[in-house]
Amino acid sequence: MPDTGTKLVASNRKARRDFTILETFEAGLVLRGAEVKSLRTNQVQMADAYARFGRHDAWLEGVHITPYSFATGTDQPDPDRPRKLLLHAAEIEKIGARVAQERLAVIPLSIYFRE
């Protein structure tokens, strides 16, 4: 659970029940436009979410952020698009290697705002 000074947006309780949690880490998330406002109103579903690791980057897949209803313009991002995770290069390499070697899954447990 996040420490004080945070606002919980969504929690993946099903993941805690269905998976054994071996390790946790914290990553930032790249958002576009009104996605931040949608998250502030808790308009997110993350039941089928997982992380995918490439050579030099990590992506969050399967998260649905409902488009913000009061946003203007036609530049609304796809609600189901992959979103880049912000991690240090060494963390991406370490976690990606462990996932590939041990055939593990990386599942997000919660999304929250810090301070």
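Near Asn12, within a Cβ-to-Cβ distance under 13 Å, what is the net charge of the other residues, with Lys and Arg +1 and Asp and Glu -1? Each step should come with its number before you reach the end.
Details: positive: Arg13, Lys14, Arg16, Arg17; negative: Asp18, Asp48.
The answer is +2.
Relative contact order for the chain using alpha-carbon pairs under 8 Å, separation at least 6, rounded to a whole percent?
38
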- Would you mind telling me the share, in percent, of accessible area of region 1-84 contributed by carbon and sulfur at probe 1.4 angstrom? 50
- Averaged per residue, what accessible area in Å² does the chain show with a 1.4 Å probe, protein chains only? 70
- Task: In nm, give the distance between the simple-model label positions of Glu93 and Lys37, each being 7 Å from the Cα along the Cα-to-Cβ direction.
- Result: 4.1
- Task: Just report the Cα centroid separation between region 1-47 and region 74-110, whole Å.
- Result: 13
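Before rounding to the nearest 500, sum -39500 (n - 2.57) across all DSSP H runs of length at least 4 in the chain and divide by the residue total; then give [θ] at 222 nm in deg cm²/dmol. Mind showing how you got there, number by number?
Details: 3 runs with 26 residues, N = 115.
After summing the helix terms and dividing by residue count, I get -6500 deg cm²/dmol.
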- Item | Ratio Rg/Rh, restricted to region 1-112 and using Cα atoms, in which Rh is the Kirkwood radius | 0.97
- Message: Angle check, please: helix 89-102 long axis (alpha carbons) against the longest principal axis of the chain (alpha carbons), in degrees 0 to 90, nearest 10.
- Response: 60
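For Arg13, Arg98, Arg32, Arg114, what's the largest-to-smallest order of accessible area, 1.4 Å probe? Present the calculation step by step, with values, prior to reporting the outcome.
Numbers: Arg13 190, Arg98 80, Arg32 105, Arg114 130 Å².
Listed by decreasing accessible area, they come as Arg13, Arg114, Arg32, Arg98.
The values are calculated or read from the model by the stated rules, or taken from the named source; none is laboratory data. Everything numeric in this text was worked out from a predicted model, so none of it was measured. Here Cβ is always computed from backbone atoms with ideal geometry, including for glycine, and neighbour counts include all displayed protein chains. SASA here: full protein model, heavy atoms, side chains in, ligands and nucleic acids out. Shrake-Rupley method; radii C 1.70, N 1.55, O 1.52, S 1.80 Å.
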